[in-house]
Amino acid sequence: MKPFMRSAVAALGLTVGAFAFGAGLAQAATPKDTLVMAYVIDDIISLDPADIYEFTSSEYMANTYDRLVMINPQKTSELKFAAAESYTVSDDGKTYDFKIRPGIKFHSGNDMTAEDAAFSLIRFVKINGNPAFIMNQFGLTKDNVDKMVRVKDPMTLEIETDAAYSPSFFLNCLSYTSVVVDKKLVMSHEKDGDMGNAWMKTNEAGSGPFSLKAYKPNESLVLDANPDYWDGPAKVKHVLIKNVTESATQQLLVQKGDVDIARNLNGDQLKAVKGDGNIKFVDSPKATLWYMGLNTKNQYLGNVDARQAMKYLVDYDGLQKTQFAGIGIKHQTFLPDGQLGADNETPFTYDLAKAKELLKKAGFPNGFDVTIDVTNKSEGRELAASLQNSMAKAGVNLIIRLADNKTTLTKYRASEHDIYLGQWGSDYQDPHSNADGYLNSPLAKRNQWVSPERAAAVTAARDEKDSAKRAQMYMDLQKQALQDSPYIIMFQQVETAAVRKNVDGFIIGPTFDLNLYRYVVKN
Amino acid sequence: MIASQAKAVGKVLASILTTMLGLLLVTFVISRFLPTDPVLAIVGDHASESRIAEVREQLGLNHPIPVQFLYYLGNIARGDLGVSLRTAQPVLDDLIHVFPATLELATWGILLGVVLGIPLGVWAAVKKDSAIDHVIRFVGLVGYSSPIFWLGIMGLLIFYAKLGWLPGPGRLDFGYEDLVTPITGIMTVDTLLQGDYDMFWNAVSHLILPASLLGYFSLAYISRMTRSLMLSQLRQEYVLTARVKGVPERRIVWKHAMGNVMVPLLTVVALSYGNLLEGSVLTETVFTWHGIGLYITNAIFGQDLPAVMGGTIVVGLVYILINTLTDILYRFLDPRAK
């Protein structure tokens, strides 16, 4: 039977040979003028600032466009003027004038004027994409925005709101929505009156520190530094972002030096690369909270004592040391640390006796069964398993329902859940985002916990012009929510990137539109 | 003669059309009866009722389902598969982009599977119950039963991270990526057409690990099937007769028995190839290989209905094509099928 053996051995030999041949082709380090990043970017559905509402796309926006104002990345409690150099408010508090910074050029070479800024805001409201609600809050609607946003003179933009809001609230919202696009370029790609929306979904018309060189959806994003950037050009010439969906693969890539930064390592992988002398961590607490939403429509969860009991059935400290080490900080109030009025007290600990007492008071001394909807990803799964374990000790039996993210979220949006376990991120860096979300809409609606009094209190805090008073109002709202809300808030997310030692200056901010590449230096 | 041939071709085409129509109908109906609302999945957390209605209309979901299906068929007839909700690109462009990646990987995988799997299977059959047979069967069993995901990560860990013999994930080194002009979409072909041999070898080196993995997987199946098919032939009387007549064993196995094994084996190979062409999601995930498996999976999770439908059409067509080809090959291999 020799021939069979021969052919098999020959074939095996070929394979081994192929492996050995590969040896000569092992890779070198990344190019010195290029930042290479492994990142899960498949949440991007559009690159148009009028549509952008996802994590990665808002990061893209922050690096390719200028906004009138933005949060100061070096000191996040302050604003930084960017495309606008200053502003004034009218005496009645309803009209804002922004002076456009002279000398800003778009990547196309066109000069930025108030005309572009006005067009951008009008377009943002008219396209009515997912983030448009942020401007709708100020009475700017599709029908009136043409009149409310005006060009006062070539370098002055005027915005009128329907009422007098607190300027800090208005400016914090603008820090996300006031992206300035190149009117001439965008309108040259207009189709059927879409204000260039179709084209902008995969193209760029900004003035930021980087321009878009190539975009392959779900695959890669390539940026080139803008050498003429008004605030000084970026230190690296190119940024290459590769969509690497598997975090274990990201870990190998960064350890091997084939990427400079790995963005999506989980807790275990971060632990694993900790000992690697070539890697350091860059991290920042995010304005994103891990929480459970309890639907008060449920016969058990509608009882406030039962809800309070459950707040004592989470092993906050244990989780902090294990699963959330490096990726979360214990946090129990609805405003993330870093926002105006954030109350960082953590009154709840795992306390079985107290929980049992509260359950007795609620009339459920033996506990109850409820379902919990969880996205089928390792973080959520592990957290749900821990919760199931600690709650079972008091007889609260969590029935875990795993599904993909869209399915759990859609069910939650339709208010068809008992308990939803997930994350909520602020839409903009102002306490109103979360106060409104948790106490009024949408989360309070989903959990059937709407009241006119709470809605009024949220509005009053939003409109308070004195910052200190405003902060105190949010403090009070948070203390009240700890007592009766249907939310068990557990952790504030920390975003941690694994970065090669030779890379400095990568900034991770509290929101994704403050993750910046322009200060990156490769030594 | 010509008329009868035309009739035969017409018959094949008609059967392809009915199959595709059935497939489309089933996929379409299932996607419309999912418990989750695709509009709620798209519009974000703060959408007003009017915005939800607007998006529903944009997606054409406001019409009754039969009407939606007719619209969809009409568009397909014009070559319009719709626009993906996640990539904002025409689905057809997306598919033209992702399918060659899977095709390239699957073809190398099946070639390895056939070239190694058939001789190993024959060898195991001839040496039935010997140590060699046990080893081959064990190797096959491991390949068939170990999670491909785990094998992939281990392969990368050993050959890429530890030994440095092979490049990491992706179809090319990151530095090369934007230098290839896509013509066929198949890296090894495009780099050659471009006349850039460095890039060609780079593409080949990136193929080795994932293709070996898929090759191992299909080898496991093909060798097991070859072994059992061969064993059943070697028990037949014509083999005994040939042996009695003094025909060399080599000739008996490779000529007489193999001739009969070929026909069912062809089905095995065709099915394996079809499976690989569907796209191995896990392999594509681990190796950051943006093929059709990953594309369809993401589309399903993202409730991207046009992309799901488009992907289904491609996979359906591939199966039909492979089946038709297999039928044609049968006629050459098996005189009775003529």
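Just so it is clear, none of the values below were taken in a lab; they were calculated from the coordinates. The structure displayed is predicted, hence computed values, not measured ones. Note: ideal-geometry Cβ built from the backbone for every residue, glycine included; neighbour counts use all protein chains shown.
When both segment A:29-48 and segment A:92-130 are represented by their alpha-carbon centers, they are found 27 Å apart. Averaging over all projection directions, the Cα-based convex hull of segment A:429-523 occupies 8.4 nm² in the image plane.
Ellipsoid semi-axes for segment B:233-338, based on the Cα gyration tensor and the rule √(5λ), read 43, 16, 8 Å when sorted largest first.
Applying 1/(1 + (r/R0)^6) with R0 = 25 Å to the Cβ-Cβ distance of A:Asp369 and A:Asp317, what FRET efficiency is obtained, to the nearest 0.05?
0.40
For the pair B:Asp327 and B:Met154, a Förster radius of 35 Å applied to the C-beta separation gives a FRET efficiency near 0.35, rounded to the nearest 0.05. In segment B:131-173, the ratio of gyration radius to Kirkwood radius, Rg to Rh, stands at 1.14 when only Cα atoms are counted. Shape class of segment A:39-82 from the Cα gyration tensor (axes a ≥ b ≥ c, square roots of the eigenvalues): prolate, since a/c reaches 1.5 or more and a/b is larger than b/c. Global dimensions of chain B from alpha-carbon coordinates: Rg and Dmax equal 24.2, 86 Å.
Between segment B:236-253 and segment A:391-445, the C-alpha centres lie 72 angstrom from each other. On the principal axes of its alpha carbon atoms, segment A:261-331 extends 54, 21, 15 Å, with the longest extent given first.
Here, chain A has an Rg and a Dmax of 25.6, 99 Å when only alpha carbons are counted. The residues neighbouring A:Asp276, those whose beta-carbon lies less than 15 Å from its own, together hold a net charge of +4 under the Lys/Arg +1, Asp/Glu -1 convention. Compare B:Lys127, B:Lys162, B:Lys245 in a GNM of chain B, Cα atoms joined below 10 Å, and give the one with the largest fluctuation. In the Gaussian network model the winner is B:Lys245.
Using 0.36 nm times the number of residues separating B:Ser50 and B:Val26, minus their current alpha carbon distance, what extension gain do you get? Before the final figure, lay out the partial values.
Values: separation 24, 0.36 × 24 = 8.64 nm, distance 3.12 nm.
Gain in length upon complete extension: 5.5 nm.
Label-to-label distance, B:Lys128 versus A:Thr141, with points set 7 angstrom from Cα along the beta-carbon direction: 8.3 nm. Between B:Leu61 and A:Asp305, the FRET efficiency from the beta-carbon distance, with R0 = 41 Å, is close to 0.45. The slack between B:Ser228 and B:Ala3, meaning 0.36 nm per residue of separation minus the straight C-alpha distance, is 76.8 nm. Across segment A:315-340, the residues whose backbone nitrogen lies under 14 Å from the label position 7 Å along the beta-carbon direction of A:Lys274 are A:320-328.
With N the number of residues in segment A:393-435, Rg(Cα) / (2.2 N^0.38 Å) evaluates to 1.51. With axes computed from alpha carbons, what is the tilt in degrees of helix B:91-126 against the longest principal axis of chain B, rounded to the nearest 10 within 0 to 90? For B:91-126 against chain B, the angle is about 20 degrees. Placing a label point 7 Å from the Cα of B:Leu70 along the Cα-to-Cβ direction, the residues of segment B:21-49 whose backbone N falls under 17 Å from that point are B:25, B:29.
Charge tally around A:Asn376: other residues with Cβ under 10 Å, Lys/Arg +1 each, Asp/Glu -1 each, net +2.
What net charge is computed for the residues neighbouring A:Trp449, neighbours being all others with C-beta under 11 Å from the C-beta of A:Trp449, Lys and Arg scored +1, Asp and Glu -1?
+4
Here's how it looks for A:Lys286: its modeled amide H is under 5 Å from those of A:Gln493, A:Val494, A:Glu495, which are all 5 or more places away or on a different chain.
Every Cα-Cα pair in segment A:185-342 was counted, and those over 24 Å apart are 62% of them. Taking only the alpha carbons of segment B:53-193, we obtain Rg and Dmax values of 23.1, 70 Å in that order. Take every pair of alpha-carbon atoms less than 8 Å apart whose residues are at least six positions apart; their mean separation over the length of segment B:180-338 yields a relative contact order of 16 percent. Spin-label pair A:Lys152-B:Phe138: with each label point 7 Å from Cα along the Cα-Cβ axis, the two points sit 8.4 nm from one another.
If every alpha-carbon in segment A:270-382 counts as one equal scatterer, what log10 I(q)/I(0) does Debye give at q = 0.09, 0.21 1/Å? After summing over all Cα pairs, the log10 values are -0.33, -1.32.
Put a dot 7 Å past the Cα of B:Asp178, heading toward its Cβ, do the same for A:Asp231, and the two dots end up 2.3 nm apart. Which of the pairs B:Lys128/B:Lys162; A:Lys75/A:Lys152; A:Lys242/A:Lys286; A:Lys321/A:Lys469; A:Lys191/A:Lys216; A:Lys75/A:Lys99 have their Cα atoms more than 27 Å apart in this structure? With Cα atoms farther than 27 Å apart: B:Lys128/B:Lys162; A:Lys75/A:Lys152; A:Lys321/A:Lys469. On the principal axes of its alpha-carbon atoms, segment B:147-295 has extents of 64, 35, 31 Å, going from largest to smallest. How far, in degrees from 0 to 90, does helix B:2-32 lean away from the longest principal axis of the Cα atoms of chain B, to the nearest 10? On a 0 to 90 degree scale, this one is about 60. Computed on segment B:18-104, the Cα convex hull volume stands at 130 Å³ per residue.
Convert 10 °C to kelvin, take the viscosity as 1.306 mPa s, use the Kirkwood radius over C-alpha pairs of segment A:470-523 as Rh, and evaluate the Stokes-Einstein diffusion coefficient in µm²/s, rounded to a whole number.
Result for D is 108 µm²/s.
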